[in-house]
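As structure tokens, the structure follows; a few thoughts come after it.
The values are calculated or read from the model by the stated rules, or taken from the named source; none is laboratory data. Not measured: the values here are computed from a predicted model. We place every Cβ from the backbone using ideal geometry, glycine too, and count neighbours over all the protein chains shown.
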């Protein structure tokens, strides 16, 4: 019999004998055991089998990867699964645990009536992989003007997939921690993130906004927007995420990058809305053009 196996985004046709066991061909489902015969599973022709895991060669490589290599920057498109990731009980339990146990780094008090802007740092506000003599050389153009504009309508949160020490150091390096024209509200680091299982991409780490909403009831899905250069970071809240173009090669692109100028306009325009949940943030440039 022929079975269609899907693994790592590709499909493969696998020939199996009815007498083969599941130990030889792992079948998804609690009812199947390693000793069961494939012929007894009642599989239909061209049955699709989802495989999960990594190549043994890839696993071996990860044991010898040095710490100073660049992180993987390839991203993927979010696809709907049979059960929404954000509604799975075990993911919600992880968020509840973060709400109970994680300590947010408060920098300045939250303000009543403000929406919430959640910002990544690396490749979003700062080219952290290039070399320079001063921090401003790696800072995304118009960063301070952008934050000043956003501050009028939004409390600003910094959430980076690094540790709190580096968040604080980078904010100081960029001059964002004590700017007289705006104030940052609070920081979250990698410890506030959770790992989730996806059928297509395996285990990925994400930034669930539910952690913030659980800590600060004044913010919710209707008044929160997150900017990140990696779409996977807002897999738990795809409707609230905006994938910003990554800022790399600062010395080459510093004179032409206008991303924050346009996004400042977008934030100002949508700030007038009582509910942001119906917006398609991927179309933000069109929205600015039509509503400015």
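Of the candidates 219, 201, the single residue that is surrounded by 15 or more Cβ atoms within 10 Å (Cβ to Cβ), more than 18 Å from the chain's Cα centre (by Cα) and in the same structural domain as residue 138 (by TED's automatic domain parsing) is 219.
Mind listing whichever residues of segment 199-226 are touching a strand residue (DSSP E or B) at 6+ places or on another chain (Cβ under 8 Å), in contact (Cβ under 8 Å) with a residue 60 or more places away in the chain and in a helix (DSSP H, G or I)? Within segment 199-226, 211, 212 meet the criteria. Taken residue by residue, segment 189-198 has no member that is in contact with a strand residue (DSSP E or B) (Cβ under 8 Å, 6 or more places away or on another chain), surrounded by fewer than 20 Cβ atoms within 10 Å (Cβ to Cβ) and over 21 Å from residue 241 (Cα atoms). For segment 245-255, the count of residues that are touching a residue at least 12 places away in the same chain (Cβ under 8 Å) and part of a strand (DSSP E or B) is zero.
Taking the stated definitions as given, is residue 140 out of contact with any helix residue (DSSP H, G or I) (no Cβ under 9 Å at 6 or more places or on another chain) and in contact (Cβ under 8 Å) with a residue 40 or more places away in the chain? No.
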